[in-house]
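The numbers here are math on the coordinates, done by the rules we state, and not lab data. Just so we're clear, the structure is a prediction, and the values are computed from it rather than from any experiment. Please note: Cβ atoms are built from the backbone with ideal geometry, for glycine as well, and neighbour counts cover all protein chains shown.
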Amino acid sequence: MSFLNALFPAKCVICSNLFVFKDQNLFCDECLSMINKEYVEYCSGCGSKIKNCQSCFKKRVFYRIKIFKNNDRYITELIYQFKIKGYKNLSTVIAKKIQDDIKDFVRKENIDLITYIPLDKTTLKKRGFNHLEEILKKVFPSYLIWEVVEKIKKTELQMDLSRDQRLKNLKGVFRLKDIDIKGKKVLIFDDIMTTGSTMKEVCSVIKKGEPDRVYGYIIAR
């Protein structure tokens, strides 16, 4: 197989350079090397691009939220090919990038359980998997990963909407499952945050279960 890969190299979807592939044939090692942890300043209460935003002084959204890196074409294309195009094996690539950082965060904050943004049943059936769950399963043991919230209505893609439309698009679409999370430290995991409306809505639903604290972890902002 390695001989054939060398004979018929793949073309990177980002830089278009040819490369010999092993686990996946979409991204060359040079482009993947551009995706690394960045120490960027965001509001630790809501993830906004303004450190210590005034709204969080009045009403904090998360106990703490952590962001792996700035949003750029490398991480965007990687997540797009995985999430939208359905190249499931890319979950391993993404997991390897973030595993040290997210494990360290979970350990330092003594997180009890990790959940993720759910998909509605129609989208889940069509895609065949929840991309966020797939990443988490490559990093953490299954007993730490819980599906705390369910999505009960199908919505339009948030990336296609304006800020006001995003807020309306999410109202009443998430519901807390019949799971006891009272007094627990819960971490919500998502891939890309733009306005933060999805994470905030899921956070507000989870708080109905009276957890001790709700945290957030985002791959890119």
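Relative to the longest principal axis of the C-alpha atoms of the chain, give the angle of the C-alpha long axis of helix 90-108, reported between 0 and 90° and rounded to the nearest 10°.
Computed tilt is about 40 degrees.
Arranged by the count of other C-beta atoms within 10 angstrom, fewest first, what order do 193, 34 take?
In order of increasing Cβ crowding within 10 Å: 34, 193.
Using a 10 Å cut-off around each Cβ, can you sort 75, 67 from fewest to most neighbouring Cβ atoms?
In increasing order of surrounding Cβ atoms, one gets 75, 67.
What length, rounded to one decimal in nm, is gained on full extension from residue 171 through to residue 110, with 0.36 nm per residue of separation minus their alpha-carbon distance?
Here the segment from residue 171 to residue 110 would lengthen by 18.9 nm.
If we count other beta carbons within 10 Å of each Cβ, what is the order of 202, 13, fewest first? Provide the component values of the computation, followed by the final result.
Numbers: 202 25, 13 16.
Listing 202, 13 from fewest to most nearby Cβ atoms yields 13, 202.
How tilted is helix 73-83 with respect to the longest principal axis of the chain? Cα atoms for both, answer in degrees (0 to 90, nearest 10).
Taking Cα atoms only, the helix is inclined about 80 degrees.
For the range 92-134 and the range 32-80, compute the distance between their C-alpha centroids and round to whole Å.
16 Å
Okay, helix-only estimate at 222 nm for the chain: each DSSP H run of n ≥ 4 adds -39500 (n - 2.57), divide by all residues, round to 500 deg cm²/dmol; what do you get? Walk me through the intermediate numbers first.
Details: 9 runs with 77 residues, N = 221.
So the calculated ellipticity at 222 nm is -9500 deg cm²/dmol.
Please give the charge dipole size of the chain, origin at the Cα centre, charges +1 on K and R Cβ atoms and -1 on D and E Cβ atoms. Round to the nearest 20 debye.
Taking the Cα centre of the chain as origin, the dipole is about 680 debye.
Which percent, to the nearest 5, of DSSP beta bridges fully inside the chain are antiparallel?
Counting DSSP beta bridges with both partners in the chain, the antiparallel share is about 25 percent.
If I histogram all Cα-Cα distances within the chain using bins 5 Å wide from 0, what percent of pairs lands in each bin?
1, 6, 14, 18, 20, 17, 12, 6, 4, 2, 1, 0, 0
At 0.36 nm per residue, minus the direct Cα-Cα distance, what do residue 15 and residue 152 gain on full extension? Give it in nm, one decimal, please. List each step's numbers first, then the result.
Numbers: separation 137, 0.36 × 137 = 49.32 nm, distance 3.92 nm.
Additional length available on full extension: 45.4 nm.
Tell me which lysines have Cα within less than 24 Å of residue 184's Cα, excluding those fewer than 8 residues away on the same chain?
Filter leaves 58, 59, 66, 103, 108, 137, 138, 151, 200, 207, 208.
Starting from the Cα of residue 60, move 7 Å in the Cα-to-Cβ direction to define the label point; list residues of the range 96-129 whose amide nitrogen is under 19 Å from there.
Within reach of a label on residue 60: 105-113.
Kindly express, to the nearest 10 degrees and within the range 0 to 90, the angle between helix 197-206's C-alpha long axis and the longest C-alpha principal axis of the chain.
50 degrees
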